[in-house]
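Please read the structure below before turning to the comments.
The values are calculated or read from the model by the stated rules, or taken from the named source; none is laboratory data. These figures come from a predicted structure and were not determined experimentally. Neighbour counts are summed over all protein chains in view; Cβ atoms, including those assigned to glycine, are modelled from backbone coordinates with ideal geometry.
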Amino acid sequence: MTLKNKVAIVGADETDRIGIVPDMTPLMMHAEAARNALRDAGIDKSEVDAVFTCGIGGMASVQLCEYLGIIPMYTDNTMTGGSSFVIHVEHAAAAINAGLCNVALITHGETGLSGRNRRGPRGGGFFDATLPSAQFEMPFGVGGPPSTYSMAAMRHMHEYGTTSEQLAEIAVATRKWAQLNPRAMMRDPLSIEDVLSSRWIAYPFHIYDCCLVTDAGGAVVVVGADRAREMAKKPVWVLGSGEASTHQSLLGMPDLTQTPARYSGKAAFEMAGVTHAAIDVVEVYDSFTYTALVTIEELGFCAKGEGGPFLSNQRSAPGGDFPMNTNGGGLSYTHPGMYGMFILIEAVRQLWGECGDRQVPDAKLACVNATGGLLSATGTLILGVD
Amino acid sequence: MAEYQKPVPYPSPETQPFWDACKRHELSLPYCTNCSAFFFYPRQFCPTCFNWNIEWRTCSGKGALYTFAIQYRPQMPGFTPPYVTAIVQLDEGPRLMTNLVGVEPAPENIRCGMPVEVVWEDATDEITLPFFKPSQSSQ
């Protein structure tokens, strides 16, 4: 059983504004992104019979459906951090293919920046003092991405000789894409020297190795093959998909230099039946420069440990032969917390040829990989247009 | 004892023996009698073979620095940056998260692979944390 060519993405859009949007709540962003994506698809809200989302309380889809006024036949609250929305595409494909629903709406919305300043009780449901990370990591001042990804990157540097300069290459190349994207938050010129002379956040990470913190929302619409062929826009076919997780926190990480992208990527490429060389555009999670580097290795675009040399000499920048993170990435475009929706949207836009100055010429095949948690869970999609 | 400001662990039934041993300044880890190997973090069973016959055995407290990072922004209450977060690979095999102490937190002073040994931080009346410092042999 394969999901190849069974469904297509037919609508994809973001909130009207992204970046600093203090006058919107996460729910407002979900709704606005949903409206924009449905309008993009030319599908009325009344046709939506499946909703996939997470990040807005413990019963995210129930909350969202109430808010939007949708009575779904199928919902999925799968929460795997930043990879959630990419994984939702696979789940939507499975549900549509099983005949359980017809029009799947996947939404995201976060106020990662402005939410910091809001009053009121904080959601405390996540924390359980008996969890392994609470017992064996937090007492040592370990918590959250900068403190953990830095230790994973250091191990990679130790084992493979990866350098700070190689990490900086990624930040610089990504910034060059952002300079071609009017909606990107960070568009000032950035050099490798700028990165290397910037302040430490968590050695070996400088501040420019780390993503932004922003407000943003996004949504995509997925339908079955027959319906997809009736749409005004070219269907963006799901050719391959995969998901995998190997651990929750660093404590349980089998190997600090490996991520589950090796499993989700393998599954997606096998289902799609395409080679790495055939991929025109690569959109991967760049919560940190290192995240992108290790993901490229784990997906098999280069040999293990050779991500640093592979991405050197601005190979992933505009004009390079490995176009990667063409919207400007989490490093320079936007990163509200769970960034996966935005790599998905960018891949779809590239395949539609809607990317203006940053358009990769004749892009027909895209590889999307999102990471969630602490290098914990990944989803990979191979998307293509006819 | 002055009020301890950093997060402290709340032992659970399956981890209580680990924390009890720390209080005695002993590093005791769960050992699978089927795999003949230590594992960490503690569970009531071996995560490799799912054997539920687990022993607790005292370890040497010696190991090597598997990886580290220098935290320049506090990630948890009570920490004053810069501080060194580290993962130590014990001579017995398992890896532990810890803080590297007894060394100035600067990149030139710390390297993956350096030998380390456990030192004890009596945080509260109930909780003692295993920190690690560079071994004498490495200085």
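Quick notes on this one:
- Positions within segment A:99-155 being of a type in the set (S, T, N, Q) and at pLDDT 85 or above, in sequence order: A:N102, A:T107, A:T111, A:S114, A:S133, A:Q135, A:S147, A:T148, A:S150
- Scanning segment A:201-227 for residues that are surrounded by fewer than 24 Cβ atoms within 10 Å (Cβ to Cβ), touching a residue at least 60 places away in the same chain (Cβ under 8 Å) and over 20 Å from the mean Cα position of the chain (by Cα), we see that the one that is farthest from the other protein chains (Cβ to nearest Cβ) is A:R227.
- Here A:T295 does not fit the description of being buried (at least 23 other Cβ atoms within 10 Å of the Cβ) and in a loop (DSSP other than H, G, I, E, B).
- Once segment A:298-329 is narrowed to residues that are in contact with an Asp or Glu (Cβ under 7 Å, 6 or more places away or on another chain) and within 15 Å of A:V195 (Cβ to Cβ), the residue that is surrounded by the most Cβ atoms within 10 Å (Cβ to Cβ) is A:G329.
- The residues of segment A:6-47 that are among the hydroxyl-bearing types (S, T, Y) and in a loop (DSSP other than H, G, I, E, B), listed by number, are A:T15, A:T25.
- Residue match in segment A:257-272 (condition: farther than 30 Å from A:F140 by Cβ, basic (K, R) and in contact with a helix residue (DSSP H, G or I) (Cβ under 9 Å, 6 or more places away or on another chain)): yes
- Number of positions in segment A:178-200 that are in contact with a helix residue (DSSP H, G or I) (Cβ under 6 Å, 6 or more places away or on another chain) and either away from chain B (no Cβ under 14 Å) or crowded, with 22+ Cβ neighbours inside 10 Å (or both): 9
- Those residues of segment A:240-287 which are in a helix (DSSP H, G or I) and surrounded by fewer than 24 Cβ atoms within 10 Å (Cβ to Cβ), in sequence order: A:L251, A:G252, A:R262, A:Y263, A:K266, A:A267, A:F269, A:E270, A:M271, A:H276, A:A277, A:A278
- Some residue of segment B:66-79 being at pLDDT 95 or above, more than 9 Å from chain A (Cβ to nearest Cβ) and either surrounded by 15 or more Cβ atoms within 10 Å (Cβ to Cβ) or in a loop (DSSP other than H, G, I, E, B) (or both): no
- Selection count, segment B:105-135, where residues are more than 19 Å from B:Y41 (Cα to Cα), part of a loop (DSSP other than H, G, I, E, B) and within 13 Å of chain A (Cβ to nearest Cβ): 10
- Flag for B:S12 being over 19 Å from B:W120 (Cβ atoms), within 13 Å of chain A (Cβ to nearest Cβ) and without any contact (Cβ under 8 Å) to a residue 24 or more places away in the chain: yes
- All positions within segment B:87-104 that are in a loop (DSSP other than H, G, I, E, B) and within 11 Å of another protein chain (Cβ to nearest Cβ): B:P94, B:V101
- Boolean, A:R349 is more than 23 Å from A:S241 (Cα to Cα), among the charged types (D, E, K, R) and touching a residue at least 40 places away in the same chain (Cβ under 8 Å): no
- The residue that is farthest from A:P323 (Cα to Cα), counting only those in segment A:137-175 that are more than 9 Å from chain B (Cβ to nearest Cβ) and not in a helix (DSSP H, G or I), is A:G161.
- Residue pairs meeting the criteria (Cβ under 6 Å; at least 6 apart or on separate chains; first touching a residue at least 40 places away in the same chain (Cβ under 8 Å), in segment A:7-27; second surrounded by fewer than 21 Cβ atoms within 10 Å (Cβ to Cβ) and among the hydrophobic types (A, V, I, L, M, F, W, C)): A:V10/A:M231; A:G19/A:M185
- Single condition B:F50 does not satisfy, out of (1) closer than 23 Å to A:M253 by Cβ; (2) surrounded by fewer than 18 Cβ atoms within 10 Å (Cβ to Cβ); (3) within 14 Å of chain A (Cβ to nearest Cβ); (4) of a type outside the set (A, V, I, L, M): (3)
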